[in-house]
Amino acid sequence: MKSLLLSAAMVAATLSPALAQDPAALSDLEMAHVAYTADNIDIRQAHLALAISDNPEVRAFAETMLRDHTAVNEQALALLQKLGAAPEDNFLSQALNAGAEAIIDELASLRGAEFDRRYAENELAYHQTVNGVVGDAFIPNIENAEVKALFEAGLEIFKAHEGHAEMMVKAVAP
Amino acid sequence: MRLTRRGTLRGAVGAALAALMAGRADAHAGLIHGHGQKAHRHLVHDVDIRAFRFQPARVAVRVGDTLRFANRDLAPHSATAGDGSWDTGLLNRGETADIEVTEGFAGAYICAFHPHMKGEVGFGA
């Protein structure tokens with residue numbers, strides 16, 4: 001639990017300077033970029049988990065992350081194409097990417113149960129943080145109805161992942 | 001309007017086919033399978049997978065009935081028996097799968113990808 005709190009604190013610390021710039025003020029296309037970035041970060045970490053972990057729970061979770069985040073990204077790209085719009089890079093996407101690099105470096109240096117615990121804790125903290133931003137700052141401020149609907153569908157999925165990550169944290173606890 | 005038995009049968013099959021073609025989520029198509037002794041009405045039970053839930057979460061069935069799972073979510077799902085004895089396999093959004101209820105059918109099932117999603121099939125419909 002201590003390391004889980006540390007993990008949540010690390011994610012929060014990564015985002016806190018960015019959050020000071022108010023995610024709620026981002027445009028729809030900037031929010032779409034954040035969501036796409038967050039999806040891709042989780043996909044990268046899932047690939048890492050599949051490369052390193054032998055734990056069936058961890059592998060099943062990582063497969064689900066690949067499957068679900070890919071589905072969301074495909075839907076997001078299809079919607080952007082329909083709207084004739086492109087996602088726009090912004091401070092929050094950059095903060096997420098910077099934080100992800102540090103965590104991926106750390107995860108890549110771990111093996112066995114140590115990797116499994118750290119991956120599980122990070123997935124829980126990551127989904128908690130991103131879900132908070134999407135639910136509190138993004139969805140109430142999205143202007144386009146179709147973009148908003150997609151974010152709502154996405155949040156439903158990511159909340160399910162948060163619950164699944166909690167189960168995984170318990171399963172890999174020492 | 002009076003219907004002969006043949007007419008009734010044709011009507012039931014026609015309704016079932018129409019429901020199938022329309023892809024109605026709430027279709028409960030009755031198919032009559034008479035085997036000389038006792039005619040059972042085999043039902044199709046629709047289970048929607050929506051908002052990370054099996055809806056309805058519990059379905060009462062009889063052997064020979066069909067469970068028709070339809071994924072209405074963006075995320076891929078499955079309906080997989082708790083003991084692994086039956087499985088729809090991966091269902092992308094908008095896809096459906098039919099599972100026939102057989103003797104000794106395992107009632108408890110989950111989504112293999114999101115194991116907190118649980119459903120139940122009970123007997124005695």
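The values are calculated or read from the model by the stated rules, or taken from the named source; none is laboratory data. Here the structure is a predicted model, which is why all the values come from computation and not from measurement. Positions of Cβ are backbone-derived with ideal geometry, glycine not excepted, and every protein chain shown enters the neighbour counts. With ligands, DNA and RNA removed, areas are computed over all heavy atoms of the protein, side chains included. Shrake-Rupley method; radii C 1.70, N 1.55, O 1.52, S 1.80 Å.
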Could you list, ordered by first residue, the pairs with Cβ atoms under 8 Å in which the first is in segment B:41-70 and within 14 Å of chain A (Cβ to nearest Cβ) and closer than 13 Å to B:Gly119 by Cβ and the second is at pLDDT 95 or above and open to solvent by 60 Å² or more (accessible area, probe 1.4 Å), at least 6 apart or interchain? B:Ile49/B:Gln55; B:Ile49/B:Arg72; B:Arg50/B:Arg72; B:Phe52/A:Glu156; B:Phe54/B:Lys118
Flagged in segment B:106-122 as hydrophobic (A, V, I, L, M, F, W, C), open to solvent by 20 Å² or more (accessible area, probe 1.4 Å) and more than 12 Å from chain A (Cβ to nearest Cβ), in numbering order, are B:Ala108
Do we have A:Leu150 as part of a helix (DSSP H, G or I), within 14 Å of another protein chain (Cβ to nearest Cβ) and aliphatic (A, V, I, L, M) here? yes
For residues in segment A:83-97 being without any contact (Cβ under 8 Å) to a residue 60 or more places away in the chain and not hydrophobic (A, V, I, L, M, F, W, C), which is nearest to the other protein chains (Cβ to nearest Cβ)? A:Pro87
What strands (runs of 3 or more DSSP E) completely inside segment B:82-125 contain at least 3 residues that are over 25 Å from A:Met168 (Cβ atoms)? B:96-100, B:118-123
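Which one is nearest to the other protein chains (Cβ to nearest Cβ), of the residues in segment A:111-136 that are more than 19 Å from A:Thr37 (Cα to Cα) and surrounded by fewer than 16 Cβ atoms within 10 Å (Cβ to Cβ)?
A:Ala113
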Report, by residue number, each residue of segment A:46-72 that is more than 12 Å from chain B (Cβ to nearest Cβ) and open to solvent by less than 10 Å² (accessible area, probe 1.4 Å). A:Ala46, A:Ala49, A:Ser53, A:Val58
Give me a count of the residues in segment A:163-174 that are more than 10 Å from chain B (Cβ to nearest Cβ), part of a helix (DSSP H, G or I) and surrounded by fewer than 17 Cβ atoms within 10 Å (Cβ to Cβ). 2
Subset of segment A:137-150 (residues that are touching a residue at least 60 places away in the same chain (Cβ under 8 Å) and open to solvent by 20 Å² or more (accessible area, probe 1.4 Å)): A:Pro140, A:Asn141, A:Glu143, A:Asn144, A:Glu146, A:Leu150
If you scan segment B:90-125, which residues turn out to be within 20 Å of A:Thr64 (Cβ to Cβ), among the hydrophobic types (A, V, I, L, M, F, W, C) and touching a residue at least 40 places away in the same chain (Cβ under 8 Å)? B:Leu91, B:Cys111, B:Met117
